[in-house]
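The structure appears below as structure tokens.
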Amino acid sequence: MPCSITLNTVKAMQFISGFLIFTGVWISTLCYSQNVPIKQASASDYAAPVDIPMLLSGNYGEIRTAHFHSGIDIKTEQVEGKHVLAANAGYVFRIAVHSGGYGKALYLKHPNGQVTVYGHLQQFSPAVDSYVREQQYARKSFEIELYPKANQFSFNRGDVIGLSGNSGNSFGPHLHFEIRDELSVPLNALQYGFSIADKTRPRINWLAVYPLDHQSTVSGASQKLLVPVTCSDATCYIADDCIEAGGNIGLGIETFDFLDYSANECGPYTLAMTFDERQVYMCRIDSIPFSLTSSADSHIDYEEKLKSGRIIQKLYVDPNNPLRIYKVLVNNGIIQIRDSLVHHVSIEVKDTYGNESQLRFTIRGKGTLVQKPKVNNDQIVQKGFRYDTLNVFEDQDIRVVIPRDALFRNLDFQYSRIKNDSCIYSMIHQVHNRYTPLFKPYILSIRPEYLPRALQDKALIANFGKKGEWISQGGTYKGGYVTTKVKEFGDFFVAVDTTNPAIAPVGFNTGDSLEGKQNLSFRITDSLSGISEFAGYIDRKWALFEYDAKNDLLTYVLDDNRLDKNRLHILEIVVTDNKNNAARYRGEFFY
Ligand SMILES: [Zn+2]
């Protein structure tokens with residue numbers, strides 16, 4: 001029973017420990033007042049953007065790949081084609097069509113200066129749709145960004161502005177809806193009075209305890225400890241109630257919020273931690289600008305996410321994390337334990353509607369380790385990098401230039417190289433490791449060991465994906481090096497792409513009649529560098545082929561307004577990859 005202690009002693013010890021715990025250096029101690037949320041709108045600010053019940057599969061601020069989700073994902077009964085409504089009166093301020101991202105998206109500007117965003121649409125309203133099509137034909141481009149004049153397309157609150165879909169980087173029909181402020185910063189849409197049922201509490205699944213330096217220990221070891229958490233109503237606990245730790249300790253939790261009638265894991269709104277009854281950390285996930293959103297990788301335990309998929313939100317903050325969501329922060333959330341007392345920790349998670357769960361446990365102080373840092377391996381080159389300066393690393397055949405503020409914290413940068421028979425143009429350069437997140441890209445240059453002149457403009461830098469597949473990081477050959485910008489560490493090498501993209505018709509043979517058909521599709525793929533351009537021509541004129549990148553599909557919707565009917569048409573498709581390898585398909589169809 002190493003952690004048992006009577007209640008009276010606890011109180012006395014808390015008094016003492018209050019002095020002991022925070023006597024260390026107060027690194028960037030921020031202590032904001034408990035300021036109220038950015039915008040408490042009246043319930044009438046916005047109307048529901050759909051005419052079906054608002055059930056969500058995602059909420060604002062939930063952690064996605066290298067970003068916080070900037071909107072809410074509204075379920076559309078698993079189908080496309082539901083009405084999408086103007087959440088308030090306004091005009092179309094921007095229209096975007098992309099093969100990835102938000103796909104077909106509409107941006108409405110409202111009299112209060114705010115903008116609402118409707119993403120992954122199947123179709124725009126007829127007037128907007130024909131304007132977009134006209135512009136696509138005029139510019140000979142499927143992908144397009146348009147900023148119509150104010151009031152060129154105006155809508156009243158509740159007007160149908162389009163139909164919901166699954167376009168762009170969407171993996172199931174839904175409407176992505178955002179509210180942005182005048183500076184285009186996305187806000188927590190759930191604060192704007194929508195009628196969404198939520199009496200369900202956030203859940204806490206895991207507690208993580210981190211020894212933050214070589215001297216610190218958790219349960220007698222110098223590795224992080226992951227402890228399963230059980231919740232019953234609002235109360236969450238860990239099996240032993242008590243953890244032994246000493247030195248500089250960080251905590252983290254995996255937590256998800258849930259809305260009523262929906263099993264989807266959403267993100268909580270606030271996380272707070274008190275240590276011996278003093279609040280030392282409080283974060284409220286709202287108004288995160290797009291310029292800072294990739295700091296989500298610093299907010300979480302990035303390595304744990306890559307290794308196990310668990311999303312542990314850290315309750316301590318990296319020194320160069322630029323997010324402004326941390327409203328209370330004492331000693332960056334780092335707990336210093338330099339005694340053998342029992343300390344009380346409480347972690348509180350709330351959602352936007354005030355449902356809450358609380359995890360309580362104790363930490364018993366335990367001595368620190370006198371441990372030397374790991375002995376350096378001869379094969380590994382090490383260098384100390386600071387986050388607040390430019391860092392340059394050069395070795396035989398490699399150059400790494402990391403701009404100031406690209407790192408979230410100082411780094412003991414490591415480098416080594418290995419030979420691999422499958423990579424014939426260069427060694428594999430092990431640039432630190434993929435578990436360290438970056439805020440900004442850095443410049444990576446690798447000198448090929450062997451690269452015939454004829455292949456120089458086909459060269460790129462690649463790394464390995466999860467299944468060992470090669471992933472292009474782009475790059476160009478110049479001055480003996482292949483150089484690219486990359487936003488991750490890991491194992492990199494020089495590869496060449498000399499393979500043309502592939503174009504395969506889907507359910508179509510040249511000469512077929514398309515009478516009674518709606519459209520014509522082709523699967524277009526590329527092996528390494530990726531598709532950069534595509535174009536389709538019918539009767540030698542540019543025609544609108546829509547590209548759905550996630551499904552590798554290029555689709556032409558048969559357009560009676562642009563095709564002469566009852567004749568044979570000549571069809572041509574050209575696809576080019578990022579290394580200028582081009583494929584061409586020629587055929588005919590009757591329509
Ligand atoms: Zn979304």
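Every read-out reported here was derived from the displayed coordinates using simple, explicitly stated rules and does not represent laboratory data. Fair warning: this is a prediction, and the values are worked out from it, not measured in the lab. As a convention, Cβ positions derive from the backbone with ideal geometry for all residues, glycine included, and neighbour counts pool all protein chains shown.
Annotations for the structure displayed:
- Cβ charges +1 (Lys, Arg) and -1 (Asp, Glu), total dipole of the chain, debye: 1040
- Over all distinct Cα-Cα pairs of the range 56-191, the Kirkwood formula returns a hydrodynamic radius of 14.9 Å.
- Only Lys, Arg, Asp and Glu carry charge here, each on its Cβ (+1 for the first two, -1 for the last two); on that basis the range 45-181 has a dipole of about 340 debye about its Cα centre.
- Positive-end extreme of charge dipole, the range 324-465 - chosen from 333, 431, 384 (charges on Cβ): 333
- Interatomic Cα distance distribution for the range 198-365, bins of 5 angstrom, percent: 2, 9, 18, 22, 22, 16, 8, 3, 1, 0
- Excluding same-chain neighbours fewer than eight residues apart, the lysines reachable from residue 140 by a Cα-Cα span under 18 Å are 104, 541.
- Point-to-point label distance, residue 433-residue 523, nm (Cα→Cβ direction, 7 Å offset): 3.8
- Across the range 502-590, Cα-Cα pairs farther apart than 17 Å form 45% of the total.
- In percent, rounded to a whole number, the relative contact order of the chain is 12, using alpha-carbon pairs under 8 Å and six or more apart.
- FRET E, pair residue 127, residue 52, Förster distance 35 Å, beta-carbon r, rounded to 0.05: 0.90
- For the range 56-191, with +1 on Lys and Arg beta carbons and -1 on Asp and Glu, the positive-most of 168, 150, 120 along the dipole: 150
- Dipole magnitude of the range 502-590, debye to nearest 20 (Cβ charges: Lys/Arg +1, Asp/Glu -1, about Cα centre): 140
- Percent of Cα pairs in the range 381-496 per distance bin of 10 Å, from zero to the largest separation: 14, 49, 30, 6, 0.
- The range 174-333: relative contact order as a whole-number percent, Cα under 8 Å and 6+ apart: 21
- Projected label points at residue 418 and residue 405, each 7 Å from Cα along the beta carbon direction, are separated by 3.7 nanometres.
- Subtracting the Cα-Cα distance of residue 560 and residue 541 from their residue separation scaled by 0.36 nm leaves 5.3 nm.
- Dipole of the chain, positive end: most advanced residue of 519, 98, 299 [Cβ charges, Cα centre]: 299
- With all pairs of separate Cα atoms included, the chain yields a Kirkwood hydrodynamic radius of 27.3 Å.
- Column: log10 I(q)/I(0), Debye, Cα scatterers of the range 177-258, q = 0.12, 0.20 Å⁻¹: -0.58, -0.88
- Entries of 314/467; 307/485; 109/305 with Cα pairs more than 30 Å apart: 109/305
- Residues residue 67 and residue 476, FRET efficiency given R0 of 30 Å [Cβ-Cβ distance, rounded to 0.05]: 0.60
- Taking the range 381-496 and dividing mean pair separation by its residue count, relative contact order in percent (alpha carbons under 8 Å, at least six apart): 26
- If the segment from residue 264 to residue 453 were pulled out straight at 0.36 nm per residue, it would be longer than the present Cα-Cα gap by 62.7 nm.
- Extension gain, residue 77 back to residue 568 (0.36 nm per residue minus Cα-Cα distance, nm): 172.7 nm
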